[in-house]
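Asks: Dropping the structure in here first, questions after.
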Amino acid sequence: QICVSKCPDRYLTYLGAYSAGSPADLDYYRQFCVPGFRPLQKAPIEVLKDKECPAMLIPSTPLARRCFPALRAKKGVVMVGNETTYDDGRGRRRNVTELLEGAKKANVVLEARQLAMKIFEDYTVSWYWIIIGLVIAMVVSFVFIVLLRYLAGIMVWVMIVMVILVLGYGIFHCYMEYAKLKGEAGSDVSLKDLGFQTDLRVYLHLRQTWLAFMIILCVVEVVIVLLLIFLRKRILIAIALIKEASRAVGHIMMSLLFPLCTFFLLCLCIAYWASTAVFLSTSNEAIYKVFNETACQFSGQTCKPETFNTSNVTKVCPDAQCLFAFYGGETAYHKYLIVFQFYNVFMFFWLANFVIALGQVTLAGAFASYYWAFKKPDDIPAFPLFSSFGRALRYHTGSLAFGSLILAIVQVIRVTLEYLDHRLKAADNKFAKFLLSCLKCCFWCLEKFIKFLNRNAYIMIAVYGTNFCTSARNAFFLLMRNIIRVAVLDKVTDFLFFLGKLLIVGSVGILAFFFFTQRIKLVQDTAPSLNYYWVPILTVIVGSYLIAH
């Protein structure tokens, strides 16, 4: 590869230019050779072998700062510069379609680069509108939290009624389809007789399909109705809990910004881990060894290229060479480098889990001070979040570090298993793969359980001030005594918040879609012109979901 002022505009081979001896052709050819090249000083075969000049020149056009063959089709025939064949510079004629294949492969890279450039351009002209969209999402999220205090009950019952009505309509629709197919030819064929079909629409012409759908929906409807009858008190508790949580957030508004502090501390942990990992990875050095073809007492010993020629080795073994062997080191430090990397990963997990635990205890302590305040807001501390943060650091650092350590050990074991699984991918040992898969599954479940238990243990630490083991035991038995209540409250609140997230993302996403596609007449001229309008829209949607979450 070489940088040129302009692309070649004619067919020419180096052998042709050299043989003709034309000064004009040689001067033209020189601009496509390496800098400082002087023609006629070397034989053409040596010039081509040393890659000082290309073997041939082809009429080319510039595309994304590259010279590509000037391909064009004339009456269905592919041509380059009005020719269908060319001299490859080695005495053979080739068809220009061979150039076409090469251009196609290069085009994939170019298209990807152009796509990336266009996306980057879209971000440069729409970044401030994206920020405005995210700010709107944040405002809507705040409003949603405030409205939950007053509308949580209505929203839950409306959603429950909507689910029952939708299922009821599904049962009615299945029955109507089942009745409509009565007497039609081929509709009474059983699913077993029909067997598997790639075209799934075939099954919709069978009565048995609609009967199966109707039975499934009826079972789901009955289960939901029975759950509502038996769990109506739990749903009322969930609604009361959401209202109280919304009221608590209203009194401690700083709790909505506190996750930014946790995020900042996590970024510091990631930065420290990454920089340490890079320093360790790049602390290797080039190792050179003595290589020779005949027997030599110095063979395999470490050497230095700078002083090798003047050393005693070349006198004893004249054919010996000091060549690069590997990149690493032979000191004790280099031997245990993998251990340091492993320790660095372990410390990263420990620190990251500690930061998350600190955030959970701080929030739990702040809301505990709100919950047990007899007169609200008079008895709530002036700065409940900062007071809780101070208590967590002063009294509970050990408990948080211990809980984080247990989780970090499990996570490191999971990472080790993933590493072993990656190394064994090429192996054919089915038993080892099965055992690894089982271990990965078990430790994944264990990590989820420990995370859940730790979170509740940290709440008990913040409320009662007990140590980690006592808090974890109390939290576990408290949850076990109220397992159904916990499950219902968790799932009902999760479902409600999920719908809230969808509402915020949907509303902001629709607004972004109408704005960036210039369908809002009031701001039609304000919207930026884009290559791909989905770029800012997707960014706003993903960002809105993260903010709402």
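The values are calculated or read from the model by the stated rules, or taken from the named source; none is laboratory data. Owing to the predicted nature of the structure, the values given are computational and were not obtained by experimental measurement. Cβ coordinates were reconstructed from backbone atoms using ideal geometry, including for glycine residues, and neighbour counts include every protein chain displayed. Protein only, heavy atoms only, side chains kept; ligands, DNA and RNA dropped before computing areas. Shrake-Rupley method; radii C 1.70, N 1.55, O 1.52, S 1.80 Å.
Asks: Quick one: if the Förster radius is 56 Å, what FRET efficiency do residue 46 and residue 114 give, using the C-beta to C-beta distance and rounding to 0.05?
Replies: Efficiency, from the Cβ-Cβ distance: 0.90.
Asks: Quick one: what are the phi-derived ³J(HN,Hα) couplings along the stretch 228-233, Karplus 6.51/-1.76/1.60 with θ = phi - 60°, whole Hz, x for glycine and proline?
Replies: Rounded to whole hertz, the list is 5, 5, 7, 10, 4, 5.
Asks: Sorted by average packing, counted as other Cβ atoms within 10 angstrom per residue and highest first, what order do 129-141, 243-255 take?
Replies: So the peptides 129-141, 243-255, ranked by packing, come out 129-141, 243-255.
Asks: Excluding ligands, DNA and RNA, what is the solvent-accessible area per residue of the stretch 462-541 at a probe of 1.4 Å, expressed in Å²?
Replies: I get 61 Å² per residue for this part.
Asks: Could you calculate the FRET efficiency of residue 101 with residue 503 from 1/(1 + (r/R0)^6), where r is the beta carbon distance between them and R0 is 56 Å, rounded to 0.05?
Replies: 0.60
Asks: At residue 63 and residue 395, where each label point lies 7 Å from the Cα along Cα→Cβ, what is the point-to-point distance in nanometres?
Replies: 7.1 nm
Asks: Okay, next question. With r defined as the distance between the Cβ atoms of residue 469 and residue 371 and R0 fixed at 22 Å, what FRET efficiency is calculated, to the nearest 0.05?
Replies: 0.35
Asks: Check the straight Cα-Cα distances from residue 521 and name the lysines below 30 Å, setting aside those fewer than 8 residues away within the same chain.
Replies: 118, 501
Asks: Could you look at the chain and say what percent of its accessible area is carbon and sulfur, using a 1.4 Å probe and all protein chains?
Replies: Ligands and nucleic acids excluded, carbon and sulfur reach 67 percent.
Asks: Okay, next question. Which lysines have a Cα lying under 29 Å from the Cα of residue 182, excluding residues fewer than 8 positions away in the same chain?
Replies: 192
Asks: Given (i) 190; (ii) 230; (iii) 365, which label gives volume of the Cα convex hull per residue in Å³ as computed from the coordinates?
Replies: Read-out taken from this structure: (iii).
Asks: Name all residues of the stretch 208-224 having a backbone nitrogen under 16 Å from the label point set 7 Å from the Cα of residue 166 along its Cα→Cβ direction, giving them as ranges.
Replies: 217-218, 220-222, 224
Asks: Pairs of Cα atoms under 8 Å, at least six residues apart: use those to get the relative contact order of the chain, whole percent.
Replies: Computed over the chain, the figure is 14 percent.
Asks: Quick one: grab the alpha carbon gyration tensor of the stretch 13-140, order the square roots of its eigenvalues as a ≥ b ≥ c, and give me rounded if a/c is under 1.5, else prolate or oblate depending on whether a/b is larger than b/c.
Replies: Note, shape of the stretch 13-140 comes out prolate.
Asks: Over all distinct Cα pairs, what is the inverse of the mean 1/r for the stretch 286-327, reported as the Kirkwood hydrodynamic radius in Å?
Replies: In the stretch 286-327 this quantity evaluates to 10.1 Å.
Asks: Still on this model: For the stretch 401-447, what is the accessible area per residue in Å², given a 1.4 Å probe and the full set of protein chains?
Replies: Roughly 65 Å² per residue, with all protein chains present.
Asks: Then there is this: Grab the Cα-Cα distance for residue 519 and residue 440, subtract it from 0.36 nm times how many residues apart they are, and report the gain in nm with one decimal.
Replies: Length difference between fully extended and current span is 23.4 nm.
Asks: Let me ask something else about it. Note down, for the stretch 364-499, the three equivalent ellipsoid semi-axes (square root of 5 times each alpha carbon gyration tensor eigenvalue), biggest first, whole angstrom.
Replies: Here the semi-axes work out to 38, 19, 13 Å.
Asks: Now for a different question. Please work out the Cα center distance from the stretch 288-366 to the stretch 80-147, rounded to the nearest Å.
Replies: Cα centroid of the stretch 288-366 versus Cα centroid of the stretch 80-147: 40 Å apart.
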